[in-house]
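Below is one structure, written out as structure tokens, with a few remarks after it.
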Amino acid sequence: MTIFDHKHWRQLRAAILAFVVDRPRKHRQFVAVSSDGLLCIAAVLVAFSLRLGVWDLISMPILTFTAIALALWYPIAWHTGVYRSLIRYSGARTVADLAIACSLMTLPLSIILVVFRIHDVPRTLGVLHPIIFLLLLASSRIFVRFALLDLLKVVNVNARRVLVYGAGRAGQQLALSLRHEPQVHLVGFVDDDLRLAGQRLDGVPVFGSARLDKLLDDTPVDEVLLAIPSASRTRRREIIETLQDEGIYVRSLPNLTNVIDGSITVNDLREIQIEELLGRETVAANELLMGKTIVGKTVMVSGAGGSIGSELCRQIVRCRPTRLILLEQSEYALYAIEQELGELMIELGIDVPLTPELANVSERSSMTRIYRHYRPDTVFHAAAYKHVPLVEANPLSGLRNNIMGTLHSVEAAEAAGVANFILISTDKAVRPTNIMGASKRVCELILQARAEQPGAKTVFSMVRFGNVLGSSGSVVPRFKAQIAAGGPVTVTDREITRYFMTIPEAAQLVIQASAMAKGGEVFVLDMGQPVKIIDLARTMIRLSGLSIRDDENPDGDIQIVETGLRPGEKLYEELLIGDNPQSTNHPRIMRAREILWPWPELEQALAELDGTIRQSGDADTAVRIIGRLVPEYAPENAGKISA
């Protein structure tokens, strides 16, 4: 064995790498500036040698020309940002920057030589020198870059083996950044474009996606990075599911913004969000529908700090109402949404007056005062208690907030001359098996009955949809927390299914539905296909880069535990009571006119319910009243498959 064996050589190269890469930025810039000065002088000598056959550094013509060249180069280089980029990130863009700087140097250098006619300095050097200088600069950058890459390859024997999915602009920018990450080894690109298969990009092989399975079998890969920001949601889902089946950890670039400005780095990568797998291709919003009940109007959102309410607010401010009133009973939620909207408007460059109102919709006097004072044109009523087990355990509070809150809001809206009143409803209002769902069905009945009143001026409508991804207290954030804690992930039943929609899509469809209302409609959103909750749990575990612990894999990371259905919980949810949905001008919004109560009868039952809640506090009596109003309410069917 030699004294200076392979191990010591690796240690030396690691030390060199650390010394070069870990120097302060100012030190590295000083080295680059000094080196470029020497290259500028070398270019002068080469130019004189080629033009005159002279190689004498101390001659007056060469010294004069060198001084002029250096005096021109450094201001131009600083102005064009040559020294802002790190040499170890050098690539085509760096060479382009150098070419621009050298081109800018050519004109003043040539003018000086022509005007001053310096003795023994040919005027052609004004063009020849920048060309030679550019060749030397580009060669030096490329040499240093690949020398560092060579060090990186030798030192990082334990680096993570990574594939970049997408060989387009985003993938190439990401690959350039990855090359300089000490703990990453770029195995190659994968791309759907068959024309790229078998080629090399900057020395990195490109594989066709059609042979992805074989590639993963033949080549050890720790992680796949998706660099396909313009791909459809469906295609992304297909790719992610394929990689999940192989047990590969996946991360992704979020959007096109950084691709456009060319600033993609490893820091832009993020974990795959479950919304990417459950969400659908979005339908472009109809701008006329989006603005019809909002643009130039005073708009109120009750429950403005909630999951749906806050997203409604975000989209409403983009439509530029005259004023947006934020009605919310939670002080913190109201503060948070007001601050967020303020920052959003600064970012968008718009100014919509915001009015925060800290109030409870179940307080009639507060609703009367607020509606009378602001006289809103459009109201989105999103305030409600929605968590089934909590409302089941606290029926009087749930009925007071949901039903009486809606009634007081409706009465105040009519008195204030509100033009459009939209209720946010739920699929749990269809053949309800729990108090929350039954209470929302009563809310629908209130709006339907008031819409049928002779001379009704307020257009009442309601929008019914299922679960939204990421709402407070919903299954997705709960699963995330359980996975982060190491498990177990709990599901109530292995057969339970739910409809899911992203919050932004739901809010957008609610706003568009409000524009189509004539009065009394129940709008039903197309929720897509139902999802098995246990499949959702499995997917989220795999997306976290973990494995499922079960009988087949006892050494897995996270266990899934079945806990049993909660009070009032159904296996399956529905969106329609009847079988008569009608299409609308929007492909994902349907219209249903369902069974309603005449207002006199409903009003009497509501008065009885109000008295029970406020006076006797008898929950059983209150629930029996609900049972009369919603005859399809069947708590005994909780957990059964709906017909």
Residues satisfying the stated conditions in the stretch 225-244, i.e. farther than 27 Å from Val283 by Cβ and under 19 Å from the mean Cα position of the chain (by Cα): Leu225
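I'd like to verify a number: residues in the stretch 502-525 that are within 19 Å of the chain's Cα centre (by Cα) and either closer than 30 Å to Gln453 by Cβ or free of Cβ contacts under 8 Å to residues at least 60 places away in the same chain (or both), how many?
Initial filter on the stretch 502-525 (within 19 Å of the chain's Cα centre (by Cα)): 502-509.
Next, from what is left, pick out any that are either closer than 30 Å to Gln453 by Cβ or free of Cβ contacts under 8 Å to residues at least 60 places away in the same chain (or both): 506-507, 509.
Total meeting the criteria: 3.
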Surrounded by fewer than 24 Cβ atoms within 10 Å (Cβ to Cβ) and under 33 Å from the mean Cα position of the chain (by Cα) - does that describe any residue in the stretch 414-422? yes
Subset of the stretch 167-177 (residues that are closer than 21 Å to Ile142 by Cβ, surrounded by fewer than 22 Cβ atoms within 10 Å (Cβ to Cβ) and either in the same structural domain as Ile142 (by TED's automatic domain parsing) or touching a strand residue (DSSP E or B) at 6+ places or on another chain (Cβ under 9 Å) (or both)): Gln172
In the stretch 144-186, anything modelled with pLDDT of 85 or more and assigned to a strand (DSSP E or B) is listed as Val162, Leu163, Val164, Tyr165
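Report, by residue number, each residue of the stretch 389-400 that is surrounded by fewer than 21 Cβ atoms within 10 Å (Cβ to Cβ), in a helix (DSSP H, G or I) and without any contact (Cβ under 8 Å) to a residue 60 or more places away in the chain. Let's see the steps before the verdict.
Initially, the stretch 389-400 is screened for residues surrounded by fewer than 21 Cβ atoms within 10 Å (Cβ to Cβ), giving 389-390, 392-397.
Adding the requirement that they be in a helix (DSSP H, G or I) leaves 389-390, 392-393, 395-397.
Within the stretch 389-400, Leu390, Ser397 meet the criteria.
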Residues to consider are Ile337, Ile370, Ile346; find the one that is of a type outside the set (S, T, N, Q), part of a helix (DSSP H, G or I) and more than 16 Å from Val299 (Cα to Cα). Ile346
So His119, is it surrounded by fewer than 18 Cβ atoms within 10 Å (Cβ to Cβ) and either over 46 Å from the mean Cα position of the chain (by Cα) or of a type in the set (A, V, I, L, M) (or both): yes
Restricted to the stretch 607-624, and to residues that are closer than 13 Å to Pro395 by Cβ and touching a residue at least 60 places away in the same chain (Cβ under 8 Å), which residue is surrounded by the fewest Cβ atoms within 10 Å (Cβ to Cβ)? Gly617
Residue count, the stretch 424-446 (criterion: in contact with a Ser or Thr (Cβ under 7 Å, 6 or more places away or on another chain) and within 19 Å of Glu603 (Cα to Cα)): 4
Please list, ordered by first then second residue, the pairs with beta carbon atoms under 6 Å, 6 or more apart or interchain, first in the stretch 427-442 and closer than 15 Å to Leu399 by Cα, second among the hydroxyl-bearing types (Ser, Thr, Tyr). Pro432/Tyr633; Ala438/Tyr633; Lys440/Ser425; Lys440/Thr426
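Residues checked against (1) part of a loop (DSSP other than H, G, I, E, B); (2) modelled with pLDDT of 80 or more; (3) in contact with a Ser or Thr (Cβ under 8 Å, 6 or more places away or on another chain):
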site	(1), (2), (3)
Pro220	yes, yes, no
Pro229	yes, no, no
Glu238	no, yes, no
Gln244	no, no, yes
Ile260	no, no, no
Ser263	yes, no, no
Only one of (1) surrounded by 20 or more Cβ atoms within 10 Å (Cβ to Cβ); (2) modelled with pLDDT under 90 does not apply to Lys532, and that is (1)
Please work out which residue is surrounded by the fewest Cβ atoms within 10 Å (Cβ to Cβ), limiting yourself to the stretch 556-593 and to residues that are at pLDDT 85 or above and either on the phi > 0 side of the Ramachandran plot or of a type in the set (Asp, Glu) (or both). Gly564
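Within the stretch 401-420, which residues are outside any helix (DSSP H, G or I) and more than 17 Å from Leu326 (Cα to Cα)? Break it down stepwise before answering.
Kept after step one, since they are outside any helix (DSSP H, G or I), are these residues of the stretch 401-420: 417-420.
Of everything in the stretch 401-420, those that are outside any helix (DSSP H, G or I) and more than 17 Å from Leu326 (Cα to Cα) turn out to be Gly417, Ala419.
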What is the residue count in the stretch 66-78 for residues that are surrounded by fewer than 19 Cβ atoms within 10 Å (Cβ to Cβ) and either touching a residue at least 24 places away in the same chain (Cβ under 8 Å) or touching an Asp or Glu at 6+ places or on another chain (Cβ under 8 Å) (or both)? 3
Residue list for the stretch 197-208, restricted to those being buried (at least 18 other Cβ atoms within 10 Å of the Cβ) and outside any strand (DSSP E or B): Ala197
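The values are calculated or read from the model by the stated rules, or taken from the named source; none is laboratory data. As the structure is a computational prediction, the values presented were derived from the model and not from experiment. When we count neighbours, we look across all protein chains shown, and the Cβ atoms used for this are built from the backbone with ideal geometry, even at glycine.
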